[in-house]
Amino acid sequence: MTDDAVSGNALSVLLAKQAITEVLYRYCRALDRMDRDAALAVWHPGGTADYRPFFQGTGAEFVDWVWVQHAAMTGHSHQIANVLVEVDGDTAVSESYVTVTLQSAAGPDRTAETVVRGRYLDRWSLRDGRWAIDERRHVPDLQSVTLHDAAMTAIEKHEGGSSRDGADPSRQFLG
């Protein structure tokens, strides 16, 4: 094998890893901005999502399910870290660590903050130039729930602050 062939293959693998990592990041953004179309784009049609014990089904069904859950929250934030991707031609597998913070009402004067830490184990394929998930398994690692007095968790809304929709300031920078 020539150096050019090795370099070409290494570049293809690197580009695939970057594309997959960006899909993972866009998934978190889609959930936090409540952008349903962007969340659906993470999966190929028929791709599966296994978030046991809460959900098992297709990626599209998961988006429908999680939309109802997130709409009931007062806020949520998702982060991805430690992304490892192994590419084999037009298929890949990945493991990424996920931290989800959910805030909800816990009575008239209390809020609950739930932090879930886990991992996404994903099988990917490249179809029509687009990397997307064929199979996802969420593996929960840790979870904590903290109750707060509402006065302690009130976040004053500022002009230009975070929004769970298309009005979020990030829309002025990213599509």
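The values are calculated or read from the model by the stated rules, or taken from the named source; none is laboratory data. Bear in mind the structure is a predicted one, so any value in this text is a computation, not a measurement. Here the Cβ is made from the backbone with ideal geometry for all residues, glycine too, and neighbour counts use every protein chain on show. With ligands, DNA and RNA removed, areas are computed over all heavy atoms of the protein, side chains included. Shrake-Rupley method; radii C 1.70, N 1.55, O 1.52, S 1.80 Å.
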* Structure fact -> Filtering the stretch 62-86 down to residues that are closer than 19 Å to Trp124 by Cβ, open to solvent by 40 Å² or more (accessible area, probe 1.4 Å) and not aliphatic (A, V, I, L, M) yields Asn82, Glu86
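One line per residue, one yes/no per condition, for (1) within 16 Å of the chain's Cα centre (by Cα); (2) hydrophobic (A, V, I, L, M, F, W, C); (3) modelled with pLDDT under 95:
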| residue | (1), (2), (3) |
| --- | --- |
| Leu40 | yes, yes, no |
| Pro45 | no, no, no |
| Gln56 | no, no, no |
| Ala60 | yes, yes, no |
| Ala105 | no, yes, yes |
* Asked: Hey, Thr111 hits all of (1) closer than 21 Å to Tyr25 by Cβ; (2) of a type in the set (Ser, Thr, Tyr); (3) buried (at least 16 other Cβ atoms within 10 Å of the Cβ); (4) in contact (Cβ under 8 Å) with a residue 40 or more places away in the chain but one; which does it fall short on?
  -> (1)
* Asked: Could you say whether any residue in the stretch 89-100 is over 18 Å from the mean Cα position of the chain (by Cα) and either surrounded by 14 or more Cβ atoms within 10 Å (Cβ to Cβ) or of a type in the set (Val, Ile, Thr) (or both)?
  -> yes
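Taking Ala39, is it without any contact (Cβ under 8 Å) to a residue 60 or more places away in the chain and under 13 Å from Ala132 (Cα atoms)? Break it down stepwise before answering.
On the way: without any contact (Cβ under 8 Å) to a residue 60 or more places away in the chain: yes; under 13 Å from Ala132 (Cα atoms): yes.
Taking the combined requirement at face value, the residue satisfies it.
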* Checklist (1) in contact with a helix residue (DSSP H, G or I) (Cβ under 8 Å, 6 or more places away or on another chain); (2) under 21 Å from Val115 (Cβ atoms); (3) among the charged types (D, E, K, R); (4) open to solvent by 40 Å² or more (accessible area, probe 1.4 Å) applied to Arg26, failing item -> (2)
